[in-house]
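K.L.:
Sharing a structure here in structure tokens format.
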Amino acid sequence: MHFLQKLAFARPLYVASCVMACLAVLSGCSPKQGELTVATIGNDAVTLQEYENLYLKSVGSRDQAAAATQEERERFLDLLTKFKLKLTDAYDQKLDRLPEIRQEIEQYKGSLVASFLTEREVNAPGVRKMYESRKTEVRASHILLNLAPNASAEDSAKAYTLAYELIGKLRAGASFESLAVAHSNDPSVAQNKGDLYYFTGGQMVPEFEEAAFAMKPGEISSKPVRTAYGLHIIKLVDRRPSPGEIKCSHIMIRFDKQDPTPEDTLAAYEKIRAIQDSLKQGVDFAELAIRNSQDPGSAPRGGDLGWFSRRRWIQSFDEVAFTLKPGQVSNIVRTIYGYHLIKCYDARPMKPFEEAKKDMQQLFQQTRFQSEYNKFLDRLKKQVQYSRNDSILNLLAVSFDSTKTTRDSGWTAMAPSELASQPLFRFGQRTISADSMLKLAAARPDMGSMPLTANSIRMMADKVGEQLIFQVRGETIEKDYPEFAKIMKEYVDGILLYQIEQDRVWGRVTVNDSLLQAYFENNRDKFMWPDRVDFTSAQAVNDSLAHLIAEKLKAGMTLEQVFAEDSARTRVPSKYQITFAKNSAALTTAARKALGSLAKELKYDPSWNVMFIIQYDTSTRKIPNERLAAKRRDALKTALTKSYAIAEDRITISLRGVSRDTAKAKQEEMEGLFNRADGEITGKRSWFVGALEKQIQPVTTDERTAKADSLQEGQYSAPFLYRGYPTIVRLNKRDPLRHKTYEEAGTEVSSAFQEYESKRLENEWLESLRKKYPVVVYKERLKHAFARAE
């Protein structure tokens, strides 16, 4: 569908996304060519440049547009003139001044201002800044002093006093590591003495990162840096270009426990040394990793860790890995997990911005967006001269019944009138009352079920205030961003086109049974059944079962009868009791009869197996009883394999000792238990996958219909593969090409009629528009479209 058709038929939210995506299309024609008129609609001219821009939005690629034939270009010009005719009519009807349309436009403009400015003033520069910051890595140490975000003035004073004292000592030459161990509240200080290792953009909280990146190696921060964690005193240890990414594998010998003894570490070290010796003798690293590495995640891949950047692994591992060059193998590396050998296979620099952009966007959203957005919002507040009367807000916040919610009707009227009329927000000389804020909140879908607590009212004020800030900024945005006006114009055009189409075409289509019946009778040839086959299909679990089913069909059974037999068979539990003569391994007559039935079932499906349990008495004469049970096992297995030709690997017979003392059964029941084998068929399943399917489909639908079309009525196909399973079909009857009845055509008639009627109404409308706004086209000028500028 062309861009113009999308504009005409899509609802405004779709139009909004469409115009945003198509904003930055540039024309390639020369300025003089771009001014050529390719059509006039009434008093309005369509230039070649406008034609090009819209065509590019339709096809998406300049090369594709340039390769378009003259016929394709003319067809698009016809679409464009229809588009312009409808739009001209919409503006002449002053649809853009309808209150409901104005309200929708204003609502969209407010949200568009927010997303437009956020993208251009927060996301785009923030992502670029994030990328640039990751070109460098720094190593820093810090001393952390606890200070809660909501700390009292007294606690803040104490923390800052101590921080400045420590800064003074450090500048006087005191050991950073010693002061870190003595004063830092960082839980890891005992291990790292304040060292945070190397990091780059997006790996620390923003305030800390910005301070560290502004320092020089060896420098100590002149003042403490406040973050959500407290106060930090920073020492920058090193700064250098980021190393990019490396691709490594490793072999690990793990410590047996978290706190290994010297004996444990020695045993692990001897293993890794032996592997190191094998490497020196030329054994392949990946082969050794597969055979020896105790890292279950990487060992099956030859130790491969893939590509990774700084800080992906534990520091002691990371430090060594990033000193390696492609092809190098490290010496033995110890971490808290064990000993490692690391091999570097490849290295690559940081990706170009366009390649890294998606990852940078995600990282920026996760680590920096909120802080950068807050700064941006603060700038906007100054720009629009925003202020809020917090004393009024505090009184308003506690004036509602907190048991009520915004779902309750008339909740906005619950505010005391003396507060509701007070100015809550100010934008320069303009004020917004508390009552207006509540009404704006009530109109927002995201506030549809909030409790009327003090915190909720304050949250409403925050969100509505932010909404108004963008709304006021939107009044002047087009001066700074002319392209914003183009986006809004395209959005408004989309709304008006939708509305005018609704008024002139869709809303005028009348559908009733008599009209549909008449349309059907006049267009019978549009509603046809193609050649169809009425067929029944079945899918078997595997090839052997498919051939078993086919044999039953050849023997005269129907597919339904075979399916019913299978269903009945799989529902019945297949359990057998094979009895032995008392104190003997001889099978009774009843046992041999049962074995015959069992063997017959097993031959239905070679995937089925049988499992027996032979129990013997362990309370007296345990050893003789166990020997008798073993003889019975052998006799049972011999009978099945020799007499009934059941493969030995399909038979499992277990012996189980049972003490009479612990058994709850009566004495005679125990005697029966000790003179039989209890068996059950395992792996029993249906021959069929799912149920039988009876369908009527065109002969060209799939392999089943094609196969059915090759059969005589009532005939079955040989098994064939369909969607991974052996399939058999039966042709029930043929349904040759014929007209559909009115009832069979159903909604198809309604849909076709509505399409026909809307097209008729649209054509009548367009004809009247051409009389009102004469159209002149200059098709020959389209050959200049997309010509490269000289």
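K.L.:
For the stretch 385-393, just list the computed ³J(HN,Hα) in residue order, Karplus coefficients 6.51, -1.76 and 1.60, θ = phi - 60°, integers in Hz, with x standing in for Gly and Pro.
P.N.:
Result, rounded to whole Hz: 6, 8, 8, 10, 8, 5, 5, 5, 4.
K.L.:
Also, quick follow-up: Put a dot 7 Å past each Cα toward the Cβ at Gln502 and Ile220; how far apart are the dots in nm?
P.N.:
7.0
K.L.:
Take the residue pairs Lys759/Lys779; Lys86/Lys526; Lys135/Lys343; Lys135/Lys235 and return only those whose Cα atoms are more than 28 Å apart.
P.N.:
Values: Lys759/Lys779 25 Å; Lys86/Lys526 31 Å; Lys135/Lys343 25 Å; Lys135/Lys235 20 Å.
Result: Lys86/Lys526 exceed 28 Å.
K.L.:
At a Förster radius of 60 Å, what calculated FRET efficiency corresponds to the Cβ-Cβ distance of Arg120 and Ser710, to the nearest 0.05? Please list the in-between numbers first.
P.N.:
On the way: r = 65 Å, r/R0 = 1.08.
According to the calculation, E is roughly 0.40.
K.L.:
If you don't mind, another one. Among the listed pairs Lys169/Lys216; Lys193/Lys375; Lys358/Lys382; Lys193/Lys247; Lys158/Lys381, which have their C-alpha atoms separated by more than 22 angstrom in this model?
P.N.:
On the way: Lys169/Lys216 19 Å; Lys193/Lys375 34 Å; Lys358/Lys382 32 Å; Lys193/Lys247 30 Å; Lys158/Lys381 34 Å.
Beyond 22 Å: Lys193/Lys375; Lys358/Lys382; Lys193/Lys247; Lys158/Lys381.
K.L.:
List the relative contact order of the chain as a percent without decimals, with contacts defined as Cα pairs under 8 Å and 6+ residues apart. Intermediate results must be reported in sequence, preceding the final value.
P.N.:
Numbers: 1132 pairs, mean separation 129.2, N = 790.
Reported relative contact order: 16 percent.
K.L.:
How large a share of the accessible area of the chain, in percent, is made up of carbon and sulfur atoms when the probe is 1.4 Å and the other protein chains stay in place?
P.N.:
Working: 21220 of 42240 Å².
Answer for the chain is 50 percent, counting heavy atoms of protein chains only.
K.L.:
Subtract the Cα-Cα distance of Lys404 and Gln70 from 0.36 nm times their separation in residues, and report this length gain in nm to one decimal.
P.N.:
Values: separation 334, 0.36 × 334 = 120.24 nm, distance 6.64 nm.
Gain in length upon complete extension: 113.6 nm.
K.L.:
If you stretched the chain out fully between Arg444 and Lys280, how much longer would it get, using 0.36 nm times the residue separation minus the C-alpha to C-alpha distance? Please report the intermediate quantities before stating the final value.
P.N.:
Details: separation 164, 0.36 × 164 = 59.04 nm, distance 7.02 nm.
Roughly 52.0 nm would be gained on extension.
K.L.:
Also: Applying a 10 Å radius around every beta-carbon, put 36-42, 575-581 in order of their mean neighbour count, most first. Let's see the in-between values first.
P.N.:
On the way: 36-42: 19.4, 575-581: 16.3.
The peptides rank, most packed first, as 36-42, 575-581.
K.L.:
So if I take the centroid of the Cα atoms in the stretch 597-643 and the same for the stretch 305-383, what is the distance between those two points in Å?
P.N.:
If we compute the Cα centre of each part, the gap is 63 Å.
K.L.:
Computed FRET efficiency, Cβ-Cβ of Ala586 and Asp543, R0 41 Å: what is it to the nearest 0.05? Before the final figure, lay out each step's value.
P.N.:
Values: r = 40 Å, r/R0 = 0.99.
FRET efficiency, Ala586 to Asp543: 0.50.
K.L.:
Just the accessible area per residue of the stretch 598-637, please: how many Å² with a 1.4 Å probe?
P.N.:
Working: 2040 Å² over 40 residues.
Heavy-atom SASA per residue in the stretch 598-637 reads 51 Å².
K.L.:
Please give the FRET efficiency for Lys631 paired with Ser654, using the beta carbon to beta carbon distance and R0 = 22 Å, rounded to the nearest 0.05.
P.N.:
0.90
K.L.:
Please give every one of the aspartates and glutamates within straight-line cross-link reach of Lys257, meaning a C-alpha to C-alpha distance under 18 Å, and leave out same-chain neighbours fewer than 8 residues apart.
P.N.:
Cα-Cα hits under 18 Å: Glu270, Asp295.
K.L.:
Which order, highest average first, do 207-214, 87-94, 230-237, 432-439 follow once you tally other Cβ atoms within 10 Å for each residue and take the mean per peptide?
P.N.:
Numbers: 207-214: 18.4, 87-94: 16.8, 230-237: 22.6, 432-439: 19.9.
The densest-packed peptide leads the list: 230-237, 432-439, 207-214, 87-94.
K.L.:
Tell me the per residue accessible area of the stretch 195-323 using a 1.4 Å probe; a whole number in Å² is fine. Write out the running numbers ahead of the final one.
P.N.:
Values: 6440 Å² over 129 residues.
Result: 50 Å² of accessible area for each residue.
K.L.:
OK, next. Tally Lys/Arg at +1 and Asp/Glu at -1 over every other residue whose Cβ is under 12 Å from the Cβ of Ser537; what's the total?
P.N.:
Details: positive: Lys694, Arg704, Lys707, Arg723, Arg730; negative: Asp534, Glu693, Asp702, Glu703.
Its environment carries a net charge of +1.
K.L.:
Under a straight-distance cross-link criterion of Cα-Cα below 30 Å, which lysines are reachable from Lys600, leaving out those fewer than 8 residues away in the same chain?
P.N.:
Lys552, Lys554, Lys575, Lys582, Lys631, Lys637, Lys642, Lys684
K.L.:
I've got another one for you. Using a 10 Å cut-off on Cβ atoms, rank the peptides 352-361, 465-474 from the highest mean neighbour count down.
P.N.:
Details: 352-361: 13.3, 465-474: 19.8.
Final packing ranking: 465-474, 352-361.
The values are calculated or read from the model by the stated rules, or taken from the named source; none is laboratory data. Just so it is clear, the structure is predicted and the values come from calculations on it, not from any experiment. Backbone-built Cβ (ideal geometry, glycine too); neighbour counts: all protein chains shown. The area values use the complete protein model at the heavy-atom level, side chains included, leaving out ligands, DNA and RNA. Shrake-Rupley method; radii C 1.70, N 1.55, O 1.52, S 1.80 Å.
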